[in-house]
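J.: Below you will find the structure I want to go over with you.
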């Protein structure tokens, strides 16, 4: 059986989706429907008809397709363009199928807007009212996003739904800053992200009298009331009547000269108002701070008050305390500062790199002076080395302070110049002197300064006499001035001087020349080509390997400490010293440097080897022995028991100035022939000088002395100690050129020779040999090496009575001793016998042993109570 159904006379039309309301940006949507009849679609406007409708249809929407056959899930695409009007719009879709009809509305929202018209306003620095008209068809609020301190709205906005115009008034405060400022105002819808932005830029305040402001600020920031001269400053008188101020015919400031006038504090930014300044001289004052500043808008980088001084010819800020970077940056080119030809920042605290100044050399004949700052002295840019006047300039920038491990400027070259020599009365050419010598010393020397005079009498005189015959000479440069010339002439009348003393000096063409001056005394060493090879001055940084210890007095740096540098430099450029002594009259002479006032007196004898008659003549021999004596008396317990000590000095004149070494001549002869130098340091070929009796036969106390210290000249090794039984002499030997001289004196002479103490370090990472063990065993039996133990048993170590005593918390048991890391122990991790210059003191155990030895040699009975009564710690 077949069954079926048929539709009635009416067709059907069924909508299966809806059309959403389009926003102002437009878009696409699908209308889905089903029908059993062919269909078509037409449109009718919501509010308009006729031609207006046709134009509207063409303008903003389209419908595809416009007709079609029957079917299920048919799709009709509606496309809407962007609505750039401020009103909503819409249209009806009339969908017909057979006798059925559906009317569907297509709607699009209006374009919402908040329009403030002009979005950027530039206003003057004065106080004012700014009126801004805003057009909007939505509700909005006004927000001052930045600049709230100086932008205030005067009226509230009116909310609207139509595109209406509202006037907003803003009160703009006066700008008193010397830089522009920017504010932002937002007109923001309260419900959406719709927003319009207004930017207000207010001009910087312009000083009507910038030069008056600049000078007043300088007076206030540098302590003008305390200036040496401040005539008419900050008065109503014309600026050219103010002390140190010079103006042109129109009254503009063109020169400011306040040298040596007691200016303090820092230089103010307001000096940038001196835009036509040509000469700035604030030298020899106490001005600190920096010239460069950071972060000033509109430039967020580095700026200087001198950036605006495009007429500058000469700048002199020398001899102040100005620190930080150099006051010139990339904008200082030949175009912006085309007249600048003289810059003197010497004797300050500047620390930036020379590369920052290279732009200044473009098309300019520049006189640049930077001596005695903290400018790194390594690589020098080629633009300096190739500069036409580099030799002259190098003398003005060569010397830099060594606080940051700097020194002389690489590539520094002594310029050829003429000078009037006070020694010979002749005018000489420096190039003639250099080329005739292997090395020439350019000495900065102040004949009015006691330290300079002493330095000339000792170090300079010694070096000249020792090495002059091998191609060494000295040119002493004194400060310019009649008083210095008279003082130098007086020195020549009272001293035998064979080196040159330079007073007036100038270039070959007669122009001014800069040579290194302060600090006095100091010197530079040049080779035969005039190239600098070394320089030494007080305050120069001593490398860690050249630590002199806490005993080093500053006045000894030049005459004692830097013998190390001098000897190495001379050996490289001149060779081993060939001088031979001729005057032996001081040989075996005797002096008492320190006398005992208690007990029988403990005799300590100091002697030197490889010191020539010149070393004795200029006082260097005695100076070094005095330094050794001061080192001994500077540490406990010798400091407390110094009244028990006699410290003697015996002169020993050597034929040659160096001990024997594999590099120097093997036939060198010294007075004591103590030993020889190896790569490790000083080595003795025997226990002490074989001819020692020749130096003691005329002095009874020296014949019985048990403690001897020998200082070996020009010896880079540290030292050596030779411990004999208490009834025999013990020796401490110190190499004088090693940086640890003061430390080594105490370690070798006080520790080994006087205290009979063993070394507490263990460089050899093994156990002691049988011979080393026997040495310690034997020493314990006769009273030596009692600061060492061959056991770590607390009850058996020689210092067992101190372990656990709350008064001596440093006492314990620590591995290492007699150069062995294992199998030997000592009492404290911190003691001078560990050979660490970083801890130059004796620990408790060593102090007790030293006190026992001192009292015993002085003829007094030792008790532990006596030790406790007077014990003092350096740490």
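The values are calculated or read from the model by the stated rules, or taken from the named source; none is laboratory data. Keep in mind it's a predicted model, so treat the numbers as computed, not measured. Neighbour counts are summed over all protein chains in view; Cβ atoms, including those assigned to glycine, are modelled from backbone coordinates with ideal geometry.
J.: Are any residues in the stretch 518-530 more than 23 Å from the chain's Cα centre (by Cα), more than 16 Å from residue 433 (Cα to Cα) and either in a loop (DSSP other than H, G, I, E, B) or not assigned by TED's automatic domain parsing to the domain that holds residue 433 (or both), and if so, which ones?
T.: We begin by selecting, within the stretch 518-530, every residue more than 23 Å from the chain's Cα centre (by Cα); these are 520-521, 523-530.
So of that shortlist, the ones also more than 16 Å from residue 433 (Cα to Cα) come out as 520-521, 523.
Within the stretch 518-530, 520, 521 meet the criteria.
J.: Failed condition for residue 471, given (1) closer than 30 Å to residue 582 by Cα; (2) crowded, with 20+ Cβ neighbours inside 10 Å, with all others met?
T.: (2)
J.: Among (1) in a loop (DSSP other than H, G, I, E, B); (2) in contact with a strand residue (DSSP E or B) (Cβ under 6 Å, 6 or more places away or on another chain), there is one condition residue 198 misses while meeting the rest; what is its number?
T.: (1)
J.: Right, something else. Assess whether residue 493 counts as being surrounded by fewer than 18 Cβ atoms within 10 Å (Cβ to Cβ), modelled with pLDDT of 90 or more, part of a strand (DSSP E or B) and out of contact with any helix residue (DSSP H, G or I) (no Cβ under 6 Å at 6 or more places or on another chain). Full working, then the answer.
T.: Values: surrounded by fewer than 18 Cβ atoms within 10 Å (Cβ to Cβ): yes; modelled with pLDDT of 90 or more: yes; part of a strand (DSSP E or B): no; out of contact with any helix residue (DSSP H, G or I) (no Cβ under 6 Å at 6 or more places or on another chain): yes.
Here the answer is no, as residue 493 does not meet what is asked.
J.: Among the strands (runs of 3 or more DSSP E) lying completely within the stretch 242-298, list those that include at least 3 residues that are more than 32 Å from the chain's Cα centre (by Cα).
T.: Values: elements: 245-247, 253-257, 279-281.
Output list reads 245-247, 253-257.
J.: Next question. Being out of contact with any helix residue (DSSP H, G or I) (no Cβ under 8 Å at 6 or more places or on another chain), buried (at least 20 other Cβ atoms within 10 Å of the Cβ) and over 22 Å from residue 577 (Cβ atoms) is the filter here; which residues of the stretch 422-448 pass it?
T.: Across the stretch 422-448, the qualifying residues are 430, 444.
J.: Criterion first (at pLDDT 85 or above, assigned to a strand (DSSP E or B) and touching a helix residue (DSSP H, G or I) at 6+ places or on another chain (Cβ under 7 Å)) does residue 43 satisfy it? Before you say what the answer is, go through the steps one by one.
T.: Numbers: at pLDDT 85 or above: yes; assigned to a strand (DSSP E or B): yes; touching a helix residue (DSSP H, G or I) at 6+ places or on another chain (Cβ under 7 Å): yes.
Yes: the conditions hold for residue 43.
J.: Restricting the search to the stretch 141-165, which residues are assigned to a strand (DSSP E or B) and at pLDDT below 80? Walk me through it before giving the result.
T.: Here is the first cut: in the stretch 141-165, the residues assigned to a strand (DSSP E or B) are 141-146, 151-153, 164-165.
If the condition is that a residue be assigned to a strand (DSSP E or B) and at pLDDT below 80, then 164, 165 are the ones that fit.
J.: Looking at 701, 781, 815 in this structure, which one is under 24 Å from residue 634 (Cβ atoms) and either at pLDDT below 90 or surrounded by fewer than 24 Cβ atoms within 10 Å (Cβ to Cβ) (or both)? Can you show your working first?
T.: Working: 781 fails: under 24 Å from residue 634 (Cβ atoms); 815 fails: under 24 Å from residue 634 (Cβ atoms).
The match here is 701.
J.: Let me ask another. Failed condition for residue 442, given (1) assigned to a helix (DSSP H, G or I); (2) within 36 Å of the chain's Cα centre (by Cα); (3) outside the structural domain of residue 318 (by TED's automatic domain parsing), with all others met?
T.: Failed condition: (1).
J.: Let me ask something else. Residue under question is residue 387, and the condition is that it be in a loop (DSSP other than H, G, I, E, B) and either under 30 Å from residue 483 (Cβ atoms) or in the same structural domain as residue 623 (by TED's automatic domain parsing) (or both); does it hold?
T.: Numbers: in a loop (DSSP other than H, G, I, E, B): yes; either under 30 Å from residue 483 (Cβ atoms) or in the same structural domain as residue 623 (by TED's automatic domain parsing) (or both): no.
For residue 387, the condition - in a loop (DSSP other than H, G, I, E, B) and either under 30 Å from residue 483 (Cβ atoms) or in the same structural domain as residue 623 (by TED's automatic domain parsing) (or both) - is not met.
J.: On to the next question. It is to be established whether one or more residues within the stretch 198-216 are surrounded by fewer than 19 Cβ atoms within 10 Å (Cβ to Cβ), touching a residue at least 24 places away in the same chain (Cβ under 8 Å), over 23 Å from residue 307 (Cβ atoms) and more than 35 Å from the chain's Cα centre (by Cα).
T.: Yes, the stretch 198-216 contains at least one residue that is surrounded by fewer than 19 Cβ atoms within 10 Å (Cβ to Cβ), touching a residue at least 24 places away in the same chain (Cβ under 8 Å), over 23 Å from residue 307 (Cβ atoms) and more than 35 Å from the chain's Cα centre (by Cα).
J.: Yes or no: residue 132 touching a residue at least 60 places away in the same chain (Cβ under 8 Å) and surrounded by 18 or more Cβ atoms within 10 Å (Cβ to Cβ)?
T.: Values: touching a residue at least 60 places away in the same chain (Cβ under 8 Å): yes; surrounded by 18 or more Cβ atoms within 10 Å (Cβ to Cβ): yes.
Here the answer is yes, as residue 132 does meet what is asked.
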